[in-house]
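One structure is given below, encoded as structure tokens.
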Amino acid sequence: MNKIISSEITHKRVLFLAFPVVLSNATIPILGAVDTAVVGQMGLATPIGAVGIAAVILTAIFWLFGFLRMGISGLTAQALGEGNNIEANALLIRSLTIGFAIGLFFIVVQVPLFFGALWLSPASMEVKSLAKEYLDIRIYSGPAVIGLYGITGWLIAKEKTKSVFFIQFFMNSINILLDVIFVLKFDMGVAGVAYASLIAEWTGLLIGIWVTKEAFGNRLWKNKNYIFDTVQLKRMAIVNSDILVRTLLLQAAILSFMFFGSSFDDETLAANQILIQFLHIASYGLDGFAVASESLVGKAVGAKKIDNFRQTVKMTSMWGAITVIIMAIFFGLFGGILISLMTTSNDVQYITVQYLPWMIIAPLIGAASWMLDGIFIGATRTADMRNMMLISFAIYIVSLFIFLPSFGNHGLWLALIVFYMARGITLGLRFKKIELTMISN
């Protein structure tokens, strides 16, 4: 049996898996923060809000298909746990094929798609106009972004998280460099931010294909009968459809948060955008240990090793808790300084500081749901993820109707906290089912 499957679960193994992902994921919101900071140097709230709204729309569209990362991670890890390397490689090829097809589809339907998305937003017409400019450019990165989801999930399952970091770091470094050149040097404004992302994301895909070339070395990609085997495709479809529903609801919650925030004024929208970047930094940092859970739980389930499963949950949860506490303290101590670096607008700075305490609370409450996501993905308990998200989203909607009219933007943040709390509690109630299933098998 493969050494990486049969070896024990140790703190060293967890950290070696998680740390590159922590670094890799941290560069993603840092990139968003740089995007915000670069347009923030224009001294206006409108460009910040436009980039924020446009980025949220595209992230929501692309990440609807983040099931290719999560689903491939869990399925590949379980295939490796079973010792089925051929199926593990086939999963990568299937994910790339699906990713390219989905990306091309969104390029074709971009006009009605963006019209509907911006029509739903109560943002000002000036913000919408700049957001449309951004969207019209960056949509062409769709095939690259979605294809890279599959590559990332496959590398995580193989415990090659250093490669994930290499791809993400190189891609985001290019993006940041081009941000500075296009916006600050050539004064391209919002369009410059979009072009920087477009070029960087296609570069990232090419690097990803090169890193995963081993999956194509056995000429498996030419065996169409196996690649498109109906039994394997059905299993992949069930797992991915569950995650799709879960992700649709998660993105609906995030989109509604930004859209309701934009109904106040441009300064409040900009403040929420800055704080959301901080929240992303916290969630992506913690995600490193959730990702470690995906890979190690998946292998434990595939190999039917209950002790490995329990040890994985214990160790990843401990390190996740330590990480999120450190981040909350950091934002509490240095949040004001970070805000001043994000924008030169005094009005936006003042408003953002008023809502900073919510940013400190959110990751502490959200940590449980983020960690449980990784465990459930690795175990491919995706139906539970879907059903618990349905319950949590319903609770979030009720919270919005209760808190938003009375407390304004504070009520919006409170509803988000309730959403995170509901996700953690509902998934926690289903956790024991994973152990019982492993024992019965």
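Would you calculate, for the chain, the mean residue ellipticity at 222 nm contributed by helices, counting each DSSP H stretch of 4 or more residues as -39,500 (n - 2.57) and dividing by all residues, to the nearest 500?
Helices in the chain give a 222 nm mean residue ellipticity of -30500 deg cm²/dmol.
Sort 57-68, 8-19 for me by packing, meaning the mean count of neighbouring Cβ atoms within 10 Å per residue, highest on top.
Details: 57-68: 22.2, 8-19: 16.7.
Packing order, densest peptide first, comes out as 57-68, 8-19.
May I ask for the equivalent-ellipsoid semi-axes of the chain, computed as the square root of five times each C-alpha gyration tensor eigenvalue and listed largest first in whole Å?
Semi-axes, largest first: 35, 25, 20 Å.
So what's the net charge close to residue 262: Lys and Arg +1, Asp and Glu -1, counting the other residues with Cβ under 13 Å from its Cβ?
Residues near residue 262 contribute -3 overall.
Positive end of the charge dipole of segment 16-440 (Lys, Arg +1 and Asp, Glu -1 on Cβ, about the Cα centre): tell me which of 438, 18, 401 has its Cα farthest that way.
With unit charges placed on the Cβ atoms, the residue in question is 438.
Dipole of the chain (Lys/Arg Cβ +1, Asp/Glu Cβ -1, origin at the Cα centre): which of 124, 335, 198 lies farthest to the positive side?
In the chain, that residue is 198.
Which of 129, 256 has the fewest other C-beta atoms within 10 Å, and how do the rest follow up to the most? Let's see the in-between values first.
Numbers: 129 14, 256 18.
Taking fewest neighbouring Cβ atoms as first place, the list is 129, 256.
Ranked by Cβ crowding within 10 angstrom, fewest neighbours first, how are 304, 213 ordered?
The most exposed by this proxy come first: 213, 304.
Using only alpha carbon pairs under 8 Å that are at least six residues apart, calculate the relative contact order of the chain and give it in whole percent.
Reported relative contact order: 25 percent.
Specify the angular offset, from 0 to 90 degrees and rounded to the nearest 10, of the alpha carbon long axis of helix 45-63 from the longest principal axis of the alpha carbons in the chain.
The angle comes out near 20 degrees.
When 171, 236 are ordered from fewest to most other Cβ atoms inside 10 Å of their Cβ, what list results? Display every interim value, and only then the final one.
Numbers: 171 27, 236 21.
So the residues, fewest neighbours to most, are 236, 171.
Select from 61, 86, 233 the residue farthest towards the positive end of the dipole of the chain; place +1 on Cβ of Lys and Arg, -1 on Cβ of Asp and Glu, and compute about the Cα centre.
Selected residue: 86.
Any chance you could tell me what percent of the C-alpha pair distances in segment 280-418 go past 26 Å?
Result: 38 percent of Cα pairs exceed 26 Å.
If you place +1 on the Cβ of every Lys and Arg, -1 on the Cβ of every Asp and Glu, and leave all else neutral, what size is the dipole of the chain about its Cα centre, to the nearest 20 Debye? Let's see the in-between values first.
On the way: 30 positive and 24 negative charges, 368 e Å.
It comes to approximately 1760 debye.
For the pairs 12/314; 12/432; 305/433; 213/305; 12/162, note any where the Cα-Cα span goes beyond 23 Å.
Cα-Cα > 23 Å for 12/432; 213/305; rest within.
Every number in this text was worked out from the coordinates using simple rules, so none of it is lab data. Quick caveat: nothing in here was measured; it's all calculated off a predicted structure. Virtual Cβ from ideal backbone geometry, glycine too; neighbours counted across all protein chains shown.
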